[in-house]
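See structure below.
The values are calculated or read from the model by the stated rules, or taken from the named source; none is laboratory data. Quick caveat: nothing in here was measured; it's all calculated off a predicted structure. Glycine gets a Cβ as well: all are built from the backbone with ideal geometry, and neighbour counts include every protein chain shown.
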Amino acid sequence: MAWVTWRQHGSQALAAFGLLLALVVAAILTHLPIASAFDHDSLSACVPPAARAGCDIIVPHFENQFARIVTGMRVMVVLPVLAGLFVGAPLVARELEFGTYRFAWTQGVSRGRWLLSKTALLAAGTVLAAGAASLVVMWWRSPFDTLEGRIGPSGFDLEGVVVPAYALFALALGVLAGLVFRRTVAAMTATLVAFGATRFLVSDFVRPHFLAPLHKVISAMASSGVPGDWVLSNTLVDGGGRQITAAREELAVLHAQQAGIDPHTYILTLGWRRVISYQPAGRFWTFQLLEAGLFAALAVALVLASLWLVRRRPA
Amino acid sequence: MIEFHLDPQSGVATYLQIVRQVKDALRLGTLDVGDQLPTVREVVADLAVNPNTVAKAYRELEHEGLVVARQGRGTFIAGTLAHASVEHHAELREAFERWLTAALRAGLDEESIRALVSTTLRESLARRVA
Amino acid sequence: MSPPPLVAHGLGKRFRRDWALRDLTLTIPKGAIVGLAGPNAAGKSTLLSLAAGLLAPSEGSISVLGDDPLRTPEVLAEIGYVAQGAPLYRSFRVADTIEYARRTNSRWDREIAVELLTRIDSRTKVGALSAGERARLALALALGKRPRLILLDEPFASLDPLACRELLQQLMDGVAELGATVVVASHVVADIQRVCDHIVLLSGGCVRLEGDVEELLESHRLLTGPRRPLGSIRGVREVVRERYSGRQLTLLAVTDGPIVDPSWTVEPVSLEELLLAYMAPERLPVVRKMERVQLRWHG
């Protein structure tokens with residue numbers, strides 16, 4: 001089946017390689033100004049926990065300077081789903097659509113073995129490609145990661161072991177969708193929707209709770225916390241611990257203005273504090289492994305479902 | 001080597017057609033003792049007929065003692081059919097062609113000639129038997 | 001005693017709400033060349049797909065060489081199956097397709113396969129082949145496995161007469177070499193009549209007629225005579241079809257003895273005529289258990 005898989009998916013492998021190559025070239029080209037600005041402004045001295053005077057000005061300046069390109073780099077988040085759309089979905093759907101399954105599934109290889117061999121080989125290729133892409137992105141983002149941390153949502157899903165895990169999940173999703181919907185376009189649509197929904201649900205509702213968040217209480221007027229941590233919530237509370245609504249906060253500011261005193265100082269005298277709930281930067285790899293594990297487990301479950309389905313109800 | 005042909009419209013079973021063609025060849029002298037018949041595969045690849053049919057024809061011929069199957073070598077003619085010696089065929093053919101010329105000159109068409117030939121043959125043979 | 005190449009028992013297949021096959025019971029004898037005849041949508045393709053393990057039965061069972069093709073995929077190595085239209089990967093070259101078959105079948109005989117592919121350049125893409133060449137390629141792949149059962153679904157559709165003849169020649173040659181059992185589905189009787197020694201007539205999802213071709217032709221006769229009310233006729237076991245035209249009456253009948261009544265002209269029946277008569281809608285079968293009649297027809 002190795003020859004068969006290579007013969008049928010070789011062009012996909014080449015396309016993936018081409019894409020990676022383009023990514024590497026783009027990364028190198030766009031990294032040059034970033035690296036030179038980083039050195040020029042000696043930003044290494046501003047990497048937490050070090051903090052010298054003036055960091056609070058030059059760091060935001062640096063980030064603003066490259067904000068657009070960093071946001072542009074976020075487009076890499078679609079890379080994993082491509083494995084599902086262009087490799088996974090057509091795998092079975094194409095055979096069913098064109099009728100070639102009547103040839104492929106009546107040779108000496110059983111349907112189950114055919115599916116498992118192909119999926120396993122393609123999964124290996126997917127992991128390699130996604131892993132390589134992840135490494136490139138991690139290298140590219142390292143100046144920003146050192147300054148802002150990577151556990152936050154802007155960098156977490158572009159780096160590390162989650163990227164291959166997402167790609168595996170997308171691939172498995174595509175294969176099952178192809179088997180269920182039997183048409184390539186329908187399978188691709190279903191894969192896209194299911195992938196997007198799952199990623200959204202996990203990143204917004206599950207990931208924050210992988211480990212119980214830490215809390216700290218700081219002065220109401222201090223900035224939100226240590227850069228590099230992932231701030232989950234940031235609320236003002238009064239002396240009794242009750243959360244202060246926006247209306248109440250506005251009222252306090254109004255009082256202060258009427259009384260002619262500085263609103264900030266007034267709020268401090270009220271005894272109000274800031275409660276931050278956050279995930280510390282040091283948990284990055286733990287979270288990576290947990291999320292990667294979750295998506296990998298989902299991928300395995302989907303593959304098992306596909307095997308069951310193809311054996312029971314071939315066509 | 002004899003080449004078979006099949007007439008699917010004739011209503012005669014395929015295997016019988018093959019048997020008849022072998023017998024005709026024996027009568028005409030185009031096949032002689034020791035000659036090899038085409039293998040089943042050769043016949044089948046040429047005529048596109050069921051191999052069982054060819055095998056059945058060859059078995060029938062073997063049963064009548066006309067052919068013998070040699071394991072691994074093929075099927076060979078082993079017997080003859082009583083027939084007038086072949087040299088007479090040439091003179092008889094010539095005489096027949098002269099008669100045909102006369103019949104055509106007399107204005108008979110093909111159908112009439114066939115009718116005349118078959119009825120005369122039938123009656124003549126019947127007279128000789130009686 | 002090896003198991004028969006194909007046995008169906010009460011086999012049924014439903015798609016959504018329509019039954020493509022219903023209560024089908026059939027045994028194919030070993031070594032036979034079976035013509036699976038019947039009009040379009042009779043269930044021929046469905047039956048072959050079930051035999052090749054591409055569909056799951058809705059009810060009943062089917063076994064090929066003693067095994068369930070769905071649950072025992074190993075038996076697929078013994079089945080050479082060519083689906084309708086000879087589906088193959090169009091972007092593959094001929095050589096690639098042969099390599100594909102070689103690598104996915106444990107038993108592969110290159111000689112048999114290549115014999116069929118004379119005059120086809122192995123570098124040609126499958127999509128560029130003519131219908132006849134593609135049919136030959138598909139047959140070559142099926143025969144190269146050295147199967148014990150060959151299933152062909154409408155192999156002659158969309159082939160010109162010359163290509164038909166070539167395909168049939170090569171099929172028969174392969175069968176002579178392998179000694180395989182063959183089931184050929186075709187809605188054109190003339191294509192298969194030349195080679196079949198056994199016929200199964202499907203119509204509306206069930207078997208209307210089944211048996212050895214020679215026996216069937218021997219036991220049916222066409223009787224022509226003046227139009228009259230019919231009583232029982234000596235020598236006729238059952239009338240399959242009656243036709244009237246003017247003052248003449250024609251019967252297609254199952255005979256069990258000589259017809260001595262001189263008012264009838266008795267003629268043999270062609271296979272095509274016989275199949276058409278049994279396909280007629282008036283002969284819609286009642287689903288009941290038939291006792292084993294010598295001819296094995298279902299009526």
(Q) Please list, ordered by residue number, the helices (runs of 4 or more DSSP H) wholly in segment B:3-96 having 2 or more residues that are in contact (Cβ under 8 Å) with a residue 60 or more places away in the chain and exposed (fewer than 12 other Cβ atoms within 10 Å of the Cβ). (A) none
Q | Hey, A:Leu290 within 22 Å of the chain's Cα centre (by Cα) and under 25 Å from A:Thr146 (Cα atoms) or not | A | yes
**Q.** Search result, residues across segment C:101-128 that are touching a residue at least 24 places away in the same chain (Cβ under 8 Å), of a type outside the set (D, E, K, R) and within 29 Å of A:Gly112 (Cα to Cα)
**A.** C:Ala101, C:Asn105, C:Ser106, C:Trp108, C:Ile112, C:Ala113, C:Val126, C:Gly127
Q.
For segment C:26-69, give me the residue count where each residue is away from chain A (no Cβ under 14 Å), over 22 Å from C:Ile192 (Cβ atoms) and outside any loop (DSSP other than H, G, I, E, B).
A. 4
Q) Among helices (runs of 4 or more DSSP H) lying entirely in segment A:1-99, which contain 1 or more residues that are in contact with a strand residue (DSSP E or B) (Cβ under 9 Å, 6 or more places away or on another chain) and in the same structural domain as A:Arg141 (by TED's automatic domain parsing)? A) A:55-65
Q: Scan segment A:132-148 residue by residue and report those that are crowded, with 19+ Cβ neighbours inside 10 Å and of a type outside the set (Val, Ile, Thr).
A: A:Ala133, A:Ser134, A:Trp140, A:Arg141, A:Pro143, A:Phe144, A:Asp145, A:Leu147, A:Glu148
Q.
Residue pairs, Cβ under 8 Å, 6 or more apart or interchain, first in segment A:292-314 and away from every other protein chain (no Cβ under 14 Å), second assigned to a loop (DSSP other than H, G, I, E, B). List them.
A. A:Ala292/A:Gly160; A:Ala292/A:Val161
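Please enumerate the residues belonging to segment C:99-119 that are of a type outside the set (D, E, K, R), in a loop (DSSP other than H, G, I, E, B) and more than 13 Å from every other protein chain (Cβ to nearest Cβ).
Filtering segment C:99-119 down to residues of a type outside the set (D, E, K, R) leaves C:100-101, C:104-106, C:108, C:112-114, C:116-118.
The next check asks that each one be in a loop (DSSP other than H, G, I, E, B); those that pass are C:105-106, C:108, C:116-118.
C:Leu117 - this is the single residue of segment C:99-119 that is of a type outside the set (D, E, K, R), in a loop (DSSP other than H, G, I, E, B) and more than 13 Å from every other protein chain (Cβ to nearest Cβ).
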Q.
Looking only at segment C:120-136, filter to residues that are buried (at least 19 other Cβ atoms within 10 Å of the Cβ) and within 14 Å of chain A (Cβ to nearest Cβ); which one of those is farthest from the chain's Cα centre (by Cα)?
A. C:Val126
Q: Considering only segment C:81-98, state which residues are more than 7 Å from every other protein chain (Cβ to nearest Cβ) and over 26 Å from the mean Cα position of the chain (by Cα).
A: C:Arg90, C:Ser91, C:Phe92, C:Arg93, C:Val94, C:Ala95, C:Thr97, C:Ile98
Q: Among the candidates B:Ala126, B:Ala130, B:Ala78, single out the residue that is touching a strand residue (DSSP E or B) at 6+ places or on another chain (Cβ under 7 Å) and modelled with pLDDT under 85.
A: B:Ala78
Q: Determine which member of the set A:Val109, A:Val92 is touching a Gly at 6+ places or on another chain (Cβ under 7 Å), within 14 Å of chain C (Cβ to nearest Cβ) and buried (at least 16 other Cβ atoms within 10 Å of the Cβ).
A: A:Val92
